[in-house]
Each structure stands twice: as C-alpha cells, then as structure tokens.
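One structure is given below, encoded as structure tokens.
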Amino acid sequence: MIHFLGLVLALLPTYLIRFKLFGVPTTLLELLIAAFLFLTLINFKLTDLVKLKSLGKINLSAGLFILAGIISTIVSPEPLRALGLLKAFIIEPVLLFYATIVTIKLPKDKIVVLRWLLASSFLISLFGIVQYFTYLNLPIKFWGSGDEGLRITSIFEHPNQLALYLAPLLIFFFALYLSGFKLFKVWFERLALIILGVALALTFSRGAWLAVSLMGLILLIKKYSWKQILPLVLLLVLILFSIAPIRERVMLGISDPSSSVRLQLMKIGFQKTLSSPFLGNGLYGFRTTLAESQFSGEILNNPHNIFLTFWLEMGLLGLLTFALIFFISAEQVKIHPSALKFAAGVFLLTVIIQGMVDVPYFKNDLSILFWFMISLFFI
C-alpha cells in the first residue's frame with residue numbers, strides 16, 4: 001500500500017489524461033485515487049478509526065471545508081461543472097488526506113513515499129530541460145515571440161502549471177536537504193534540487209521565482225550566517241541577471257500585458273466579494289462573474305490570487321476554513337517539531353507567496369499535493 005500511495009503522488013500529472021467512463025468525465029489520476037481509497041477501505045481497522053478520531057481540530061476543519069464546497073456547488077451558476085470540481089478539488093483530496101494518515105505507519109514509510117515524489121518531480125523537470133533545447137512536445141505558442149521568450153511546459157499544458165507544481169516542492173525538498181533528512185544519496189539529492197531549480201527557472205514564472213527566492217533565502221539565513229551566504233547570493237544574482245531572457249523577464253515588472261490582465265482579474269474578483277461576501281460566485285462561477293462584468297479578455301477560471309479564489313469559489317466559510325487549516329497545521333510544528341513538519345510548513349508558506357499572483361490549489365494535482373502535505377503534520 002505504501003508504494004501505491006507513492007505511485008499516486010508520482011503520477012499526479014496524469015490528471016491531464018482525460019476521458020469518459022460510462023458517460024462521466026474522469027481522469028487517469030482519479031481512477032488511481034479511487035483504487036487506492038478502495039484498497040485503504042478494505043484494509044481499514046478499528047485502530048485506524050481511533051487514530052483518525054484523535055486528530056482533533058483538523059477533523060472539524062476538513063468537515064467545514066467539504067461543507068463549504070457543497071454549499072458552493074449548490075449556489076454555482078454551473079452546478080454540473082461545479083460537482084466535478086467538488087469531487088476533484090475537495091472530496092478526493094480530503095479522503096486521500098485521511099487515507100495517507102492510516103497508510104503511513106512507520107518512519108520508513110514516509111521515506112518511501114517522498115522518494116516516489118522526488119523521483120517523479122526530478123524526471124518531470126529533466127524532461128522540461130530537454131524540452132528547452134529540443135522543443136519536444138512544447139506547444140508552438142511557448143516557443144518565444146515578442147516580449148515572451150521560450151518557456152517550458154514539460155508534460156503540462158502551460159508553463160505556469162509546471163511552475164505551480166515545482167516551486168513548493170523545490171522548497172520542500174530543499175528544507176529537508178538542509179535539515180539532513182535523507183531520502184537518497186547526497187549527490188542525487190543535490191542533483192535533483194539543481195534540476196528542479198533549472199526547470200523552474202525555464203518556466204519564466206515570476207511568481208514562482210519570487211516565492212522560491214524568498215523562501216530559499218529564509219532557509220539559508222536560518223541555517224547559516226549572513227557572512228556565509230551573502231557572497232553566494234550576490235554571485236547567484238549576478239549570474240542570473242547576466243542571462244538576457246531572465247533579466248528581461250524580471251525588468252518587465254508589472255508593465256507587461258500578463259500582469260495588467262491579472263490586476264484586472266483581481267479587481268473584478270474583489271468587486272464580486274463586495275457584492276456577495278458570504279457565498280462568492282460559487283464553484284466554477286468566476287467565468288460567469290467575468291462575463292457579467294463585460295470583461296473583454298480571455299474568460300478564465302479564477303482571479304489569479306489564492307485568497308480571492310477561495311473566497312469567490314467556496315465562499316467566506318471556505319476562505320476562513322482554508323486559513324484555519326494553516327493555523328492548525330502550524331500548531332503541530334510547535335507541539336511536535338520535526339524536520340518533516342518544518343518542511344511541510346515551508347511548502348505551505350511557498351504556496352501562500354506564490355498564491356499572491358496565482359492559485360496553487362485549484363488543479364487536480366495541486367489540491368492532492370496540498371492535502372498530502374497537511375497529512376505530514378499529523379503522522
């Protein structure tokens with residue numbers, strides 16, 4: 001079972017393999033999750049129930065999170081589509097959270113699962129780097145034209161999807177590495193971190209760059225003195241700014257069309273929260289919100305801000321519950337401190353920073369990854 005859990009995490013991007021089963025839209029990832037949950041249920045014991053009951057406040061938070069999702073599905077302007085999001089982004093991740101807690105029983109189990117996750121992210125990143133030089137499976141629109149340089153997608157559909165997946169994981173594994181938490185041989189861990197970092201850089205996602213740079217600097221300051229890290233940081237900045245595409249991407253600031261559109265989306269989203277502060281626009285409702293505001297650009301699923309998105313998609317209850325989950329998890333770091341819990345906490349902080357300009361949750365892989373990290377606080 002522990003290897004099956006690792007396989008599910010390793011194959012998170014298989015949500016991109018979509019099809020219909022008996023007329024119902026689904027993905028390969030959903031079938032893997034369903035199989036894992038079914039096997040977990042078969043092997044479920046009374047001691048597992050006792051373990052889950054002992055989790056305390058997180059059980060209430062998970063219940064409120066699901067309740068917020070159900071309410072938002074009912075009020076959604078697109079209830080059928082909202083039902084699919086409720087299943088994929090809320091119910092399945094929460095169930096996997098509980099299944100993970102009863103599956104991981106020994107310290108070595110954690111290592112097995114994390115090895116699967118690191119190996120998978122390493123291979124995804126490696127393919128992305130190969131893609132940069134070969135254009136293999138890279139959509140033409142990301143080959144580079146005008147202000148936009150070449151941006152890799154790896155096995156994903158968009159560079160930002162790759163960045164949303166990699167950025168928190170890079171910081172998570174970097175925190176584990178600095179703490180001495182061993183997953184593989186040191187040389188491979190270093191190589192994996194470099195490969196993940198290079199691939200993330202090649203997505204040219206400024207939100208991901210900001211989140212990783214800030215959290216990476218905090219981790220280094222916590223581990224070493226300023227005198228030790230300052231020369232390294234300055235050297236790295238000089239090297240990066242000597243690379244023209246990176247320098248040009250950073251110098252764009254918020255004056256490029258992409259940033260302008262995001263600011264406009266956030267403005268429309270905030271206006272909707274003022275007119276509907278308790279219910280938002282319901283799951284899958286932001287597209288309707290944009291249409292009603294006579295937005296002239298591309299109709300998107302969210303306003304590219306994690307707090308606004310939770311407020312709009314899951315109402316005020318969903319937003320407050322999301323915040324509550326963070327605080328309850330942070331308590332666990334203080335009550336039972338460990339390198340793994342600290343790394344999971346750093347993962348969540350990276351999600352928040354990146355979430356200022358994007359939404360590192362409302363995707364099949366990201367929601368599963370989020371709740372898996374929450375489970376690490378309670379194992």
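The values are calculated or read from the model by the stated rules, or taken from the named source; none is laboratory data. Keep in mind it's a predicted model, so treat the numbers as computed, not measured. Neighbour counts run over all protein chains shown; Cβ positions are idealised from the backbone, glycine included.
Annotations
- Residue tally, condition under 11 Å from Gln131 (Cβ atoms), part of a loop (DSSP other than H, G, I, E, B) and not basic (Lys, Arg), over segment 146-166: 6
- For segment 108-116, the criterion of being closer than 30 Å to Ser54 by Cβ and in a loop (DSSP other than H, G, I, E, B) is met by none of the residues.
- On the stretch given as segment 129-162, residues that are closer than 21 Å to Phe370 by Cβ and in contact (Cβ under 8 Å) with a residue 60 or more places away in the chain total 5.
- Restricting Trp209, Trp187 to residues that are exposed (fewer than 15 other Cβ atoms within 10 Å of the Cβ), free of Cβ contacts under 8 Å to residues at least 60 places away in the same chain and among the aromatic types (Phe, Trp, Tyr) narrows the list to Trp187.
- When Ile195, Ile129 are checked against the criterion of being at pLDDT 95 or above, touching a Phe, Trp or Tyr at 6+ places or on another chain (Cβ under 7 Å), of a type in the set (A, V, I, L, M) and at negative phi, Ile195 stands alone in meeting it.
- Check on Gly280, in contact (Cβ under 8 Å) with a residue 24 or more places away in the chain, crowded, with 20+ Cβ neighbours inside 10 Å, within 16 Å of Thr73 (Cβ to Cβ) and not aliphatic (A, V, I, L, M): yes
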